[in-house]
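The values are calculated or read from the model by the stated rules, or taken from the named source; none is laboratory data. Note that the structure is predicted; figures quoted are calculated from it, not measured. Methodologically, a virtual Cβ is constructed for each residue, glycine included, from the backbone with ideal geometry; neighbour enumeration extends over all protein chains shown.
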Amino acid sequence: MIRVRRRPGRPLHLLSLLVLLAGMAAPLAAQEAAAPAPPARSGEEGFLPRLDVYFPEGDLDLRVSRLVNKVFFEGQVKYNFVNGDIAAFLRYRYYGYNRTTQLTVFDEVEFQDIQEFSNDFDRVRGTLVLVEWPQSYQRRAFLLAELDRISTNKEELAEILRRGETNTFVRLGYQIGTPEDARSNAIVGETRARTERLFTAFREIGPGGAGFTGALTWGFPYGLGDFDYAKIEAEALKRFDVSPRTFIVGRIHTGTFLSKQERPARELPPDPEPSDLYTIPTGEYFRLDGRENLKGLDERRRGTDELHLTGEYFFPWFLNAEHDFLKLRWQNWYWILYAGAGNAGFDRKIYGDFDTYIPDVGIGFESSFSFRKYRFFLSAIVAQALRGDGGFEARCSVKSYR
């Protein structure tokens, strides 16, 4: 059972009720998956529940999907049991012959970091339309149009955002390879709803073991829009086969704002953060954190400019096996050696300022196992940043799949 506890001074938002409903729906979905499947009707598939849990961050990502003919319906709830952050998404996706069209509505509430002992939160409600034109299995183009309504309860920003502002933007993207890589797909699609991963789980990178994703985003101040900015983001992946059973996956990610507007001094809080200096929505800044990016970081950094690269060396313990342990049946197990380096800030000088780059190293594993009729991915890593005051960071994630 999932319990939502109200913190003193924090409002119990309506979205928290969705978490309770999701907690009740998860066992029902599990029972449906465990029961013998009824004969399939023509053009109709069963529900497809999927659950991701992350430790020690305390994140939960629950998705329940259903495909009927060419139409895909999905509900998603993301909840953080530590900070209290919560987001809910409803999607409708139509698969056509020449393009795929998706409509999404969402509501997200994000609190301050738990270390700040603050009840301040930001809220974003919006809708988006995402269109994908597949040119081949390996190549596809994207167009995203999104409208976000942003508000906050922060006293120091009361005159800026308490009344609410609107972020309207369009995004053009192109992708080569990596059709199932969640981090690459988030660049051209729904950034805030992405499925986060410790490692590059998708091995088939192509063509030629390489992949690329790039996108240009323009936030325009016309009509309902209150922001004016342009940013570009790109990522490249490459798989290097060391032996028939071992390989290295390299990833490089970068992004910068081509244009940004400084916020007038009269609108700044008394002790502004660097992110308060520009008229850019908080969710549009680039983030360098300790789960998706540099595994040894113990904090989340934001910036208008960002660059990081990582390498993951996979070597198997066993593959395509059937080992029984702890009442679980283990099929695959990869040991992983990890190394990375990166930097983020509010000036393009960060790219050449190598003294401020943060290198880190770590060791982890990724495995798959089954329990009765359920299947899971288990990933974990222990990493250390080689610069700064951070100690060892241990992270773990569990993902269900069908």
- Note on the structure: R183 fails exactly one of (1) under 30 Å from L268 (Cα atoms); (2) at pLDDT below 90; (3) surrounded by 20 or more Cβ atoms within 10 Å (Cβ to Cβ); (4) not acidic (D, E), namely (1)
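Within the stretch 55-143, considering only strands (runs of 3 or more DSSP E) that don't extend past its boundaries, which have at least 1 residues that are aliphatic (A, V, I, L, M), surrounded by fewer than 15 Cβ atoms within 10 Å (Cβ to Cβ) and at pLDDT 95 or above?
86-95, 100-111, 121-134
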- Message: On the basis of being farther than 20 Å from D61 by Cβ and at pLDDT below 95, does L147 make the cut?
- Response: no
- Just for strands (runs of 3 or more DSSP E) wholly inside the stretch 253-329: which have at least 3 residues that are of a type in the set (A, V, I, L, M)? none
- Message: Only one of L309, L237, L328 is surrounded by 14 or more Cβ atoms within 10 Å (Cβ to Cβ), of a type in the set (A, V, I, L, M) and under 20 Å from R395 (Cβ atoms). Can you tell me which?
- Response: L309
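Yes/no matrix, rows are residues, columns are (1) closer than 23 Å to V129 by Cα; (2) in contact with a strand residue (DSSP E or B) (Cβ under 9 Å, 6 or more places away or on another chain); (3) acidic (D, E):
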residue	(1), (2), (3)
G206	no, yes, no
G223	yes, yes, no
D228	yes, yes, yes
L237	no, yes, no
S243	no, yes, no
R263	no, yes, no
- Message: Checking the condition at pLDDT below 90, more than 20 Å from L143 (Cα to Cα) and surrounded by 13 or more Cβ atoms within 10 Å (Cβ to Cβ), which residue from P264, P272 passes?
- Response: P272
- Message: For the stretch 313-325, check the following and say yes or no: at least one residue is buried (at least 18 other Cβ atoms within 10 Å of the Cβ) and within 15 Å of I252 (Cβ to Cβ).
- Response: no
- Does the stretch 324-338 contain at least one residue that is under 30 Å from K231 (Cα atoms) and in contact (Cβ under 8 Å) with a residue 40 or more places away in the chain? yes
- Query: Taking into account only those residues within the stretch 262-281 that are over 19 Å from A344 (Cβ atoms) and aliphatic (A, V, I, L, M), which is nearest to the chain's Cα centre (by Cα)?
  - Reply: L268
